Each structure stands twice: as C-alpha cells, then as structure tokens.
Amino acid sequence: MSAFTPKDPAFQDRIQASFAKQGLMATLGASLAKVEPGAVEIVLTPSPAVSQQHGFVHAGAVTSIADSAAGYAALSLMPKGTGVLSAEFKINLLAPAQGDLIRAKGRVIKAGRTLTVAQTEVFAETAGVAKLVALLTATMMCIESRDGIAD
C-alpha cells in the first residue's frame, strides 16, 4: 500500500499512454509491470538486442529502464496537465545484469511541487531469485502544460 495520494485520479491511464509513446522503451522491449501512487515497475526480458559484448544486459538499457521507472513514479503524483523530465540522476551499477528478467522498481522518496526525488532499484531475476544489480537516485522536474504524452 502506498503512502502517497495522487493529484490526478487518472494517473494510471496517463502513465500507460505516455509509456506507450516512448520509442526507446519499445525498442528495448520494456513494459510496465506495476503502476501505483509513487511507485512504478518496468520489466525487460534480456535478449541479444540489449546485450553488450560479454552477454550481459547493456548498462545503457539498465539505466534507461531505471530512469523511466523513477520518472513515472514521480509523474504518478503530479497534477493533471503536467509532465516529468529528469533533472539529474546517478546510477550505481552493482553487478552484471543477467537473468530471465530485469525489473526496475521506481519509487518516490520525496514529492515536491516542482522537484521530486525518486529512487530505482534494478534487480536481475533468475528462476524467481532476485539479485540487486543497480541503484539509481534521481531528481525529477514537474513541467507545466504537458500531459506527459508527446503531441
């Protein structure tokens, strides 16, 4: 159960519509697994298309789903008619990302009117066992007059 109350009752539909318009997420083969107030999960199935030279999921793919999970977690608490942009983030890559599934669990740490601090833990799952492979901390900016969906 989330401790946050969304400002937009249709936040789930807005996030799903925005995510569907993200070309990079489609290119990576990523999908939304969970959308709750202040928390979003994105999953990625490893494939040669997102791997690096050693066969691990590329750090760029891991970073992309981590950033998007944090951003959408932040957007879930922003008012209708606004969008979200990453203002900054830092990622620690803790272990090679390999397994059956890569899961990015984004959550809001502190939601403000303009800036929201969020964090994403990225896990590599193999046979139901999850291993933490990355940790992202981000500052997300609320932008006015945007619905989170590109025109």
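Any read-out appearing in this document is the output of simple, stated calculations on the displayed coordinates, not a laboratory observation. Keep in mind that what you see is a predicted model, and the values were worked out from it rather than measured. Note that we place each Cβ from the backbone using ideal geometry, even for glycine, and neighbour counts take in every protein chain shown.
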- [ ] Among the aspartates and glutamates, select those whose C-alpha is under 18 Å from the C-alpha of LYS90, and discard any that sit fewer than 8 residues away in the same chain.
- [x] ASP67, GLU121
- [ ] Using only alpha carbon pairs under 8 Å that are at least six residues apart, calculate the relative contact order of segment 11-143 and give it in whole percent.
- [x] 25 percent
Task: Net charge dipole size for segment 25-151 [Lys, Arg +1 and Asp, Glu -1 on Cβ; Debye, nearest 20] - done: 260 debye
- [ ] Could you work out how far helix 11-20 tilts from the main Cα principal axis of the chain, as a 0 to 90 degree angle to the nearest 10?
- [x] 50 degrees
Task: Per-residue ³J(HN,Hα) for segment 63-74, Karplus 6.51 cos²θ - 1.76 cosθ + 1.60, θ = phi - 60°, Hz, x for Gly and Pro - done: 5, 5, 6, 5, 4, 5, 5, 5, x, 6, 4, 5
